[in-house]
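Below you'll find the structure, written out as structure tokens, and then a few comments.
The values are calculated or read from the model by the stated rules, or taken from the named source; none is laboratory data. It should be emphasised that the depicted structure is a prediction, and the values quoted were computed from it without experimental measurement. Please note: Cβ atoms are built from the backbone with ideal geometry, for glycine as well, and neighbour counts cover all protein chains shown. When the accessible area is computed, the model is the full protein with side chains, heavy atoms only, and any ligands, DNA or RNA have been set aside. Shrake-Rupley method; radii C 1.70, N 1.55, O 1.52, S 1.80 Å.
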Amino acid sequence: MSAIGIEMNPYTKLSGADYNMPQMQEIEMDDGATAVSAGTTAASAAFTSASASGASASVSAPGGSVSVSGSPAGLAINTTASAEFCTLSIEETEQRLATNRDTGLSSIDEVAARRATHGTNEIGSDDDDDDDSLFKKFLECFVEDRLILLLIGSAVVSAIMGNFSDAISITAAIVFVVAVGFIQEYKSEQSIAALSKLVPAQCHLVRCGKESHVLASTLVPGDVVAFRIGDRVPADIRLTQAVDLCIDESSLTGETEPVHKGTQAVPAQPVVPISARTSIAYMGTLVKEGHGRGIVVSTGSDTSFGAVCKMMSSVEKPKTPLQLAMDKLGKELSLFSFVVIGFICLIGVVQGRSWLEMFQISVSLAVAAIPEGLPIIVTVTLALGVLRMAKRKAIVRRLPSVETLGSVNVICTDKTGTLTENHMTAAQLWCLGTMKSKENVLKLRSGTANNGHLRNYLTDDVRETLQIGTLCNNAVFSEDHAKFLGNPTDVAILEELPFFDLHDIRAQYNKVAEIPFNSSRKFMAVRLTTDQDHQTRVCVKGAFEVILERSTSYITESGKLTNLTDSDRDTIIECANTMACDGLRVLAFAQRIEDDQSTNNDQFSESDVSNLTFAGLIGMSDPPRATVKPAIEQLLQGGVHIIMITGDSPNTAISIAREIGIPVTDTELNVMTGEKLKTMSNEQLSNVIKNVNIFARATPEDKLNIVNALKERGDVVAMTGDGVNDAPALKLADIGVSMGIIGTDVAKEASDMILTDDDFSTILTAVEEGKGIFNNIQNFLTFQLSTSIAALSLIALSTAFKLPNPLNPMQILWINILMDGPPAQSLGVEAVDHEVMKKPPRSRTERILNKAVLGRLIGTAICIIIGTTFIFIRGLSPEGEITSRDTTMTFTCFVFFDLFNALACRHATKSVFTIGIFSNNMFNLAVGLSLIGQLCVIYVPLFQHVFKTERLSGWDLLMLLGISSTVLLVDEIRKLVVRRLYPSDDEEASRYENQV
């Protein structure tokens, strides 16, 4: 076992008072690594309930990533002040913070000094000038993208050469693209704002012996605060008074059960899990029952919520595959431009032309070669994808993330509420005394069952099992809703009582202490007393392995206690596994009855939950959503690895996985428990995770390790989550997916996509949309670059062979409008081809201009060049002079080629007649308007004067249409050959994959 060394800074004194706040300096691991202190590194502990002590760990964020490593993996060390103060008595806390539990801080000067040291009680309040920071980020957007830099260079060159219209249009395009992207990125960084919403605006303060109602932002360590039911806790507080105090910590820990709080110090240990600090009330959590007061031990960014905020700040969202591909495209276009400049200059100089003249020509050609409309079309296409996905109940928060969904090859998903309906019902009940073996499990109510129909099965052990489930229960009956509200498991137990003619007996007992359920403890326990007798009753429910380990006897059919033998334990385990194999979540119920009430009920800890009497098992059913299985089938067919993460037992998880279609062929390879995960390093996990389809008995904290292991393998990962402790993993994943119904605000802000219906099948539609968007981007890129190459080559050839320029500047401008305008943009709204789901996800490093795309666009460009050159040469006079008619014919031919090319580029492999000529109304409208515009250029006198054109006869137009349609014909032949050579989608997918 590794050792953990924690070095403390010297305590700091303020204003001469004996005020000492521990400052965590560094955490040294046994391998010599060091995790840098209290801020970003320590922040991970705010959402990690350390599952073991004495283990090495590190949390770092180099280069925009977060690694959680060590032995065992996944252990994060919490260095927030609450970790220290939860182990101190109230008197020690008073002495450490130089305050008084009744009167609070005694001096206003002391308050001012502490505020100067710790800042205001606000998350993110220590940032620099926000306006300057935002402006700086906006400016950085202009230099981060090579394509944007290339366009800036084009605008500058155009302005220098006097082409101000080009310079203005390119600059406008740059500003538009950068502004849209910046706004989207800014919205995605609002996690701090979401955290701040959980901090109450005001609180009940005791200071200098006086109570007042003040702004929570004015609190400092040492202040005394009171709170009652319905209040949000304004800071991290060491409790000094707790009367029936229960606090909902789900926004921080993800646990749905309210936590019973007390004033007793927690036993000291190397690492106290955040969920075990029962003497601490955390900032932002909600008081559900009772009231209390306590001493503020940390404020603002030093609190547990603040630690999450720091962790979020340290996790830089990785670039999406599309952003990486666009970076590569920028490099390629830059290289292409320089090659063009050098080539044209060389030819011109060899021909005897001046250096200055050739430089101007070559730079003009290079600028013309850059498709300045490309970033706009990419942005518009992504934005339209966002709107379409919103209609399909998936809200995308980061614009580039839309396309990233098409690259996802691993989806890590929660089970409850995402794969299942999140509605628990009690399906089976089994007691050792009555039923003896696994074959005698009692099947509970069906949809048509009546109250009391199970009363004949009510033996003493069955009664005790149901009563324990009732007493160890926090669900409440709502008069407004006329039903029980609370944890689905608790509600399911209470809803089962009428079928046995039983009633809720909780009013007959006084609950004096509670140990809440959490994912590391895996059980819930309550201590109860009654006024009628002098007995204390401890009721426990939880995972059967944990309950059975703490049990020494069981209840017989007649209510007697009998010692548990090894054979009995084997029978219980066998029955529990049988239930789990039916896809049920199995809970065990046990109790201990003490004959006197002299026990110190305030000191109720996990060590008191022992020597229990086993009562029975209840199998809970949470059926899968009907839409999940077909969605998983399609995702698996598309090469996506589905990983289910659940807190259930392996057998339950395996049953559910098989029911919904997640493959489990070898339980040793395909299933891993949270306990085993914690014993593995990230490297070990990376080596085996490719075969893992299920993580059972896993905690939310394990997700960060899973994401790291997958990303080390180069996978593109989508991760679902709903709690605050999921937020760092959601942000680190390529696509963080939060739940719209059960998700916390912080999880939503950290995510890239929100499922408004919490339904896993919505991810399928999002992945399909992402793949379709990338195909559309490739299609209009093929159109743009083929047109650009054709125009460039046409001018370059005429220059090289000393021919007149076939197109004048206004005609080139019109062609650029078509290349970057409506016809190109309408390709971005082409309907998604459902067959894209049969193709594997593309690699993170795959180029947009892969071999297939390059082959298409070069072939198309050659076709356009040959046809247009033929028309141009055909119209030249014997002396080699160009006429207005020749220019008009060449110009119109090129435009017609452009429009037919756009039609051909609607799909890479399917015939335009297969996908439907009229299936994209926007495209047809754009092409129709472009055609009308071209006819106006030819026949309207005003435009004839501007574009230097003349009227063409009907025969001329028919001839041009016939020649220009060859680009569509050639592409249709290419598509036919592809379909004949690769008739199946799988073969076609492999072909495209191998071309990268």
Here FRET efficiency (C-beta to C-beta, Leu976 to Ile108, R₀ 56 Å, nearest 0.05) is 0.05
P(r) over all Cα-Cα pairs of the range 720-868, 5 Å bins from 0 to the longest distance, whole percent per bin, short to long, reads 2, 9, 12, 13, 13, 11, 10, 8, 7, 6, 4, 3, 2, 0, 0
Measure of exposure for Asp570: accessible area at 1.4 Å probe, Å² rounded to 10, is 100 Å²
Label model pair His423, Asn100: point-to-point distance (7 angstrom along the Cα→beta-carbon line) in nm is 5.8 nm
Once amide hydrogens are built 1.01 Å from N within the peptide plane, the residues lying 5 or more places from His291 or on another chain with amide H under 5 Å from its amide H are Val243, Leu245
For Leu797 and His534, extending 7 Å from Cα along the Cα-Cβ vector and measuring point to point gives, in nm, a value of 10.9 nm
Unit-weight point scatterers at every alpha-carbon of the range 824-892, Debye formula, q = 0.24, 0.25, 0.28 1/Å: log10 I(q)/I(0) is -1.12, -1.14, -1.18
Under the Karplus relation with 6.51, -1.76 and 1.60 and θ = phi - 60°, whole-Hz ³J(HN,Hα) for the range 605-621, x at Gly and Pro, equal 10, 4, 5, 7, 8, 8, 6, 8, 10, 5, 10, x, 10, 10, x, 9, 10
Computed curve, the range 844-996, Cα-only Debye sum without solvent term, log₁₀ I(q)/I(0) at 0.14, 0.18 Å⁻¹, is -0.80, -1.11
Mean accessible area per residue over the range 535-620 (1.4 angstrom probe, all protein chains present, square angstrom) is 42 Å²
The correct ranking of Lys711, Lys331, Lys838 by accessible area at 1.4 Å, largest first, is Lys331, Lys838, Lys711
For His641, other-chain or 5+-apart residues with amide H closer than 5 Å (H placed, Pro excluded) are Val410, Ile411
Ranking Tyr282, Tyr457 from most to least accessible area with a 1.4 Å probe gives Tyr457, Tyr282
Descending packing, highest mean Cβ count within 10 Å first, for 655-664, 507-516 is 655-664, 507-516
Too long for a 19 Å Cα-Cα cut-off, among Lys771/Lys839; Lys137/Lys771; Lys851/Lys975, are Lys137/Lys771
Ignoring ligands and nucleic acids, Thr966 exposes an accessible area, probe 1.4 Å, in Å² to the nearest 10, of 50 Å²
Length gained if Arg228 through Arg874 is fully extended, taking 0.36 nm per residue and subtracting the Cα-Cα distance, is 223.5 nm
The range 774-803 scanned against label point 7 Å out from Val350 along Cα→C-beta; backbone N under 19 Å for 793-803
Between Asp231 and residues 5 or more places away or on another chain, the pairs with built amide H atoms under 5 Å apart involve Val287
Along the range 629-645, Karplus-curve 3J(HN,Hα) (6.51, -1.76, 1.60; θ = phi - 60°) to the nearest Hz, with x for Gly and Pro, reads 4, x, 5, 5, 4, 5, 5, 5, 4, x, x, 9, 8, 9, 10, 9, 10
Karplus-derived 3J(HN,Hα) from phi for the range 270-287 (6.51 cos²θ - 1.76 cosθ + 1.60, θ = phi - 60°), whole Hz, x at Gly and Pro, runs x, 9, 8, x, 4, 6, 9, 8, 6, 9, 10, 9, 8, 3, x, 7, 10, 6
Taking N as the number of residues in the range 867-909, the ratio of its alpha carbon radius of gyration to 2.2 N^0.38 Å works out to 1.46
For His213 the rounded accessible area (nearest 10 Å², probe 1.4 Å, non-protein molecules ignored) is 110 Å²
Once Phe135 and Glu606 are pulled to full extension, the length gained, defined as 0.36 nm per residue separation minus their Cα-Cα distance, is 164.3 nm
Ranking Arg842, Arg906 from most to least accessible area with a 1.4 Å probe gives Arg842, Arg906
Ordered by number, the chymotrypsin sites (Phe, Trp or Tyr not before Pro) in the range 735-842 that occupy a DSSP loop and have at most 13 other Cβ atoms within 10 Å are Phe801
For the range 509-622, the percent of all C-alpha pairs falling in each 5 Å bin, from 0 up to the bin holding the max distance, is 2, 11, 21, 21, 20, 13, 7, 3, 1
